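The block underneath contains the structure these notes are about, expressed in C-alpha cells.
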Amino acid sequence: MKHRVLTVPVVVGLVLMTGASRVSSETPGPQPLTMALQCSGGDCPLLKGAPQTAGMRSGYVRLKPGETVGWHTTGKNEETLVILSGQGEARLEGLPVRPFAAPSLVYIPPALRHNVANTGHAILEYVYVVAPAKASGE
C-alpha cells in the first residue's frame with residue numbers, strides 16, 4: 001500500500017499578544033503568525049514557546065491506524081487536542097478511556113499521564129496546544 005501525504009487545506013491564524021508594552025531596544029515579544037498545516041511526518045511542531053509565544057506551544061500530529069503517541073505528561077501545563085480527522089481515544093492514567101471522532105476537542109489537565117491512540121481505519125490528524133496552567137486558587 002502506497003503511503004499518501006495529506007496536506008490539510010486549512011490555514012491557522014494565530015494572533016499572539018502580550019500585556020506589557022516593549023521598549024524598542026528590547027527583543028521583540030511574540031508576533032502574529034499565520035501558517036499552513038503541512039506535515040509529511042507524524043508530529044510537526046507549530047509553536048515552540050518563548051520567545052515565539054508567551055509560554056504556549058503547539059504541534060500537528062498524524063497517526064496511522066493502530067499508532068499511538070506514547071505515554072507522557074505535560075507536567076504543570078494543560079493540553080488541548082483539536083481533532084481534525086479520524087477517530088481515536090485519549091488514554092488517561094487512572095481514568096476511563098475517552099473515545100473521540102473528528103471534529104472534536106479533547107482537554108487534558110496538568111500533570112495527567114496520557115496517551116493518544118488511533119483506533120480507526122484512516123489517518124488521525126490533530127493539533128495540540130500546550131500552555132502553562134494556573135495553580136488552583138490563583
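Every number in this text was worked out from the coordinates using simple rules, so none of it is lab data. Just so it is clear, the model here is predicted, and its values are computed rather than measured. Cβ atoms come from the backbone with ideal geometry, glycine included; neighbour counts cover every protein chain shown.
General observations
- Cleavage-rule hits (GluC sites (Glu not before Pro)) in the range 64-128: DSSP loop, at most 12 neighbouring Cβ within 10 angstrom: Glu93
- Built amide H within the under 5 Å cut-off of Ser104, gap 5+: Ile83
- Spin-label pair Ser104-Lys76: with each label point 7 Å from Cα along the Cα-Cβ axis, the two points sit 3.2 nm from one another.
- Dipole magnitude of the range 42-132, debye to nearest 20 (Cβ charges: Lys/Arg +1, Asp/Glu -1, about Cα centre): 120
- Pairwise FRET efficiency - Lys134 versus Val97, Cβ, R0 = 35 Å, nearest 0.05: 0.80
- Kirkwood hydrodynamic radius of the range 42-132, from inverse mean 1/r over distinct Cα pairs, in Å: 13.1
- Loop-located trypsin sites (Lys or Arg not before Pro) in the range 75-138 (DSSP state other than H, G, I, E, B) with a sparse environment of at most 15 neighbouring Cβ atoms within 10 Å: Lys76, Arg113, Lys134.
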